[in-house]
Amino acid sequence: NNLRATALQDDRDVLRSSSVKALRELILDCGMSAQDCFEKPALIARASEALRKRREGSCLPQRKLGARRRSPRKSGLSNGSTSTGGSVVKGSKPTSGRSSRRSSGTRARRTTKNTNSPAAFSKLSTLRLPLLPQSEAVLVAATTRRLRELIVFYGSTHADCAEKSDVLRRARELLRKTKPLPAPGSIRHQGRVAHVLRPKQVTPGEALPLLLVFHGAGRTEQSVQHSVLQFSKLSSRNRILIVVPMSLDSTWDLMSVVKQGRSSSSVRYDTTGDTAFVAHVIDCIHRDYHVDTRRIAAMGFSDGGSYAITLAVNNPGVIQAAMPWSAGYFQHDPSLAPSSSPRPHILHGHGMADDHFDFHKVAIPMRQHLRNSGHEVKEHNVKAAGHGTPAEFPQDAIQWWLALAPRRRDRR
C-alpha cells in the first residue's frame, strides 16, 4: 500500500508539471473524453484515471478511439469562441465569406432555419437576468403579476389589494422601507449558496456598489472559502458589497445552455439554472441593502470569467462592467439588450503564458469580437502569468471599475 501511494503521488507530480496538450493526449489515448474538463485540475484528475486504466489494461483500443475523433464543427463553442445573434463565431478568426460559400445551399438554409427557430430563441433568452422591479420607473411599468411577486418576496401580502393601484402602492411602501443591513452571511435557496460580504461599517441609507464574483471550474468548498476570505478584505477596503455565489455543479451551466439549449430561467427561481439563481441573489441584496444600481459589476476567473462577460453583455441595463481573467468564450445575443442601453465596460485580463486558453488564439480574438459588438475593452496583460489569477488582479480590477463614470439609470 505504501509503494502504491508513493507511485500515485509521483503520478500526480508528473501530471501537474505536464502541459494541457499532453494531458489531453494522454486522456484521449486511453479512449476517454476531455470535453467536460474546462480547468487544468479537472484534466489532471481525468489523466490520473487514464493512467490507472492503462495499468489495469482497461483502456479502449486506440483504433476505436480514432473512429470517434472528429474535428469540431465550426458551429460549436471552443476556446475563445463567441456567439452573436444566435450564430456561433470561432474565436481565432471571424468566418470569411469565401469559407461560408463552401458549404452546400441545403446546409446553409438549415443553419439559418435553426438560428431563427423557437428553440434557439429559448436557449438565448435564458441569459437574461429576470430581476424584480427596483426603481420607480420600472415599478410603474411593471405588470400586476410582477408587483405581486415583489410584495411576496419582501415578506408582505397583497390579499387586501383589490386594484392595481393598491398593489402598486404596497410595492412602493416596501421599496421605501428601511433596509435591515444584515451582517456578512450567506443566501441559501433551493440547495444553492451565495456568500454575501459587506464593509465592517455601513451607514444607513448609504448606497453601495455591488460586485458579483464567479469562481472557475472545479470549485471546492475550500477554494470558495479562500475566495470569501480574500474578498472580505476587499469589501471593507473599497466600501463595496460583494457576492460570491457557488455553482450547483463543479462549474457554471453556461456551456450546457449554449450547447444543449437547456433553460436556466424559463421558470423563475428554477433550481437547475445558474442565471435564475444569480437573479434571486441580486433581488435579495436589493431587499436587504441600499445598492447603487449604477455600479453593479461582474468579476470571474476562467469559466467564471466567461460567465461574467456573458451576463454583462446580455444584461447591459443591470451590469455596468465585467472584469474577467482567463475567460475562454462568451455568449452574446444582441436582441436581449435594447439599443438604448449603454454597453458594459470590459477589463479583459489574460496571462500571456496561459497554456489552457492561449493568449493569441483566445484572448486577442475575443477582444476583437467584443469591440466589434460596440463594447469598450481595456486590456490587462501579464507577460509571465499563466492560467491562474495574479494576486493583484482583483484589487486592480475593482479600482478600475470604481473609477468609471456611473452608468446612467435604466428607464425601461
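The values are calculated or read from the model by the stated rules, or taken from the named source; none is laboratory data. This one's a predicted model, so the numbers in the text were calculated from it and none came from an experiment. Backbone-built Cβ (ideal geometry, glycine too); neighbour counts: all protein chains shown. Heavy atoms of the whole protein, side chains included, go into the accessibility calculation; ligands, DNA and RNA do not. Shrake-Rupley method; radii C 1.70, N 1.55, O 1.52, S 1.80 Å.
Rounded to the nearest 0.05, what FRET efficiency do residue 256 and residue 221 have when you use their Cβ-Cβ distance and R0 = 25 Å? Provide the component values of the computation, followed by the final result.
Details: r = 22 Å, r/R0 = 0.90.
Calculated transfer efficiency: 0.65.
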Inset, instruction - Leaving ligands, DNA and RNA out of it, work out the accessible area of residue 181 with a 1.4 Å probe and give it in Å² to the nearest 10. - result: 40 Å²
Legend entry - Residue-span extension gain [residue 131 to residue 153] - 0.36 nm each, minus C-alpha spacing: 6.8 nm
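What shape does the stretch 134-181 have by the C-alpha gyration tensor, where a ≥ b ≥ c are the square roots of the eigenvalues, rounded means a/c under 1.5, and otherwise prolate means a/b greater than b/c and oblate the rest?
Details: a/c = 1.83, a/b = 1.24, b/c = 1.47.
Note, shape of the stretch 134-181 comes out oblate.
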Inset, instruction - Note down the nm distance, to one decimal, between modelled labels 7 Å out along Cα→Cβ at residue 11 and at residue 392. - result: 4.0 nm
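Quote to one decimal, in nm, the extra length available between residue 372 and residue 166 on full extension: 0.36 nm per residue of separation minus the C-alpha distance between them. Can you show the working numbers first?
Numbers: separation 206, 0.36 × 206 = 74.16 nm, distance 4.65 nm.
Fully extending the segment from residue 372 to residue 166 adds 69.5 nm.
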Inset, instruction - Pop the C-beta distance of residue 294 and residue 45 into the FRET formula with R0 = 45 Å and round what comes out to the nearest 0.05. - result: 0.60
Legend entry - Probe 1.4 Å, all protein chains present, accessible-area order of 161, 59, largest first: 59, 161
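Leaving ligands and nucleic acids out of the surface, order 231, 301 by accessible area at 1.4 Å, largest first. Before the final figure, lay out the partial values.
Working: 231 0, 301 35 Å².
Highest to lowest solvent-accessible surface, that is 301, 231.
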Inset, instruction - With a Förster radius of 60 Å, plug the Cβ-Cβ distance of residue 19 and residue 174 into 1/(1 + (r/R0)^6) and report the FRET value to the nearest 0.05. - result: 0.60
Inset, instruction - Once you have the Cα-Cα distance between residue 144 and residue 33, take 0.36 nm times their residue separation minus that, and quote the gain in nm to one decimal. - result: 35.0 nm
Inset, instruction - With label points built 7 Å along Cα→Cβ from the Cα atoms of residue 353 and residue 249, find their separation and express it in nm. - result: 3.3 nm
Inset, instruction - With all protein chains present, calculate the accessible area of residue 156 using a 1.4 Å probe and round the result to the nearest 10 Å². - result: 40 Å²
